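What follows is a set of notes on a single structure, which appears directly below.
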């Protein structure tokens, strides 16, 4: 499971770091400390239903996430088995706080997903998408994702981060189809 975000204190609490927030929730939940790995990521390992769940927050910028994800895929031996790769990220095309699971598909212009797709040479990985909504007025998407949410919206996003962590666990324990049915119909 890879949670996208930008490294550095200046990006903490921004919309673009919701995936990284999910990694932190899962690492805490499973008492799995995040450690710097050779894959240019903070990595933790936990057991869930007897299966190894690797959690990673790439320490590249979001736009270069594929560099780290490709190394992680090699480390954990899931090359070519991309339905075992779950990427959690912010999503402009969903309302704030909405969580959805998607298998494969396009990247909707998300540069982190573009980078992962390019490095894996496949878009067949699973995505857990956390809605952040569209930027107001004429604000550019890049500016919008790099800013913290307003207080009321942040409360929705905090709930969504926990829901996304639950969704990741559901994918691992009950499978993708069950997880999609439960999460996407909520």
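What follows is calculated from the coordinates using simple rules that are stated; it is not laboratory data. Bear in mind the structure is a predicted one, so any value in this text is a computation, not a measurement. Backbone-built Cβ (ideal geometry, glycine too); neighbour counts: all protein chains shown.
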> Pairing the Cα long axis of helix 111-120 with the longest principal axis of the chain, what angle in degrees results, from 0 to 90 and rounded to the nearest 10?
Replying inline: 20 degrees
> In whole angstrom, how long is each semi-axis of the equivalent ellipsoid of the range 143-183, when you take the square root of 5 times every eigenvalue of its Cα gyration tensor and sort them from largest down?
Replying inline: 27, 10, 8
> Helix 65-75 versus the longest principal axis of the chain: what is the Cα-based angle in degrees, 0 to 90, to the nearest 10?
Replying inline: 20 degrees
> So in the range 2-185, what percent of DSSP beta bridges are antiparallel if you round to the nearest 5?
Replying inline: 65 percent
> For residue 29 and residue 173 in the same chain, what is the full-extension length gain: residue separation times 0.36 nm, less their Cα-Cα distance, in nm?
Replying inline: 50.3 nm
> Given the rule -39500 (n - 2.57) for each run of at least 4 DSSP H residues, summed and divided by the residues of the chain, what is its mean residue ellipticity at 222 nm, to the nearest 500 deg cm²/dmol?
Replying inline: -12000 deg cm²/dmol
> If you average over every viewing direction, what projected area does the convex hull of the Cα atoms of the range 1-105 give, in nm²?
Replying inline: 7.0 nm²
>> If I model a spin label as a point 7 Å beyond the Cα along the Cα-Cβ vector, how far apart are those points for residue 159 and residue 103 in nm?
In response: 2.9 nm
> Got a sec? How would 79, 114 order by Cβ neighbour count within 10 Å, fewest to most?
Replying inline: 79, 114
> In degrees, nearest 10, range 0 to 90: what is the angle between the Cα axis of helix 18-29 and the longest Cα principal axis of the chain?
Replying inline: 50 degrees
> Based on the inverse mean of 1/r over its pairs of different Cα atoms, what is the Kirkwood hydrodynamic radius of the chain, in Å?
Replying inline: 16.1 Å
> So, in nm, how far is label residue 78 from label residue 121 when the simple model puts each one 7 Å beyond its Cα toward the Cβ?
Replying inline: 2.0 nm
